[in-house]
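The values are calculated or read from the model by the stated rules, or taken from the named source; none is laboratory data. Treat the numbers as computed from the prediction; the structure is a model and nothing was measured. Because the Cβ atoms are built from the backbone with ideal geometry, glycine has one as well, and the counts that use them run over all protein chains shown.
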Amino acid sequence: MNVVTTADQAAAFNFGSQSAADYATRYDRAIEFTDVVKALWNNWQDDALVGDKATGVFIDRARIHRAYHCGGHFQVRGPLNVPRSRQ
């Protein structure tokens, strides 16, 4: 993953801000964002996706966990509605 921050005014408008954040705030947000993404990727255990057509069981809910995150920039309860990709 390549997390890029920008001080561009036009980019700030894309995210609902009137002005670009300062360097420290941008990087603080980027670090928190990366932590949230990693937590969400790990919500699904590797064997949570069952996909058993005979029984109609798609997932094992006991193997999917919530990611409770309440930080300075993001509040996330998770989990994602899909398992993480293979890579």
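Observations, loosely collected:
- Whichever residue in region 1-54 is aromatic (Phe, Trp, Tyr) and closer than 30 Å to residue 66 by Cα and, among such residues, is modelled with the lowest pLDDT: 15
- Reported count of residues in region 40-87, each being in a helix (DSSP H, G or I) and surrounded by 14 or more Cβ atoms within 10 Å (Cβ to Cβ), is 3.
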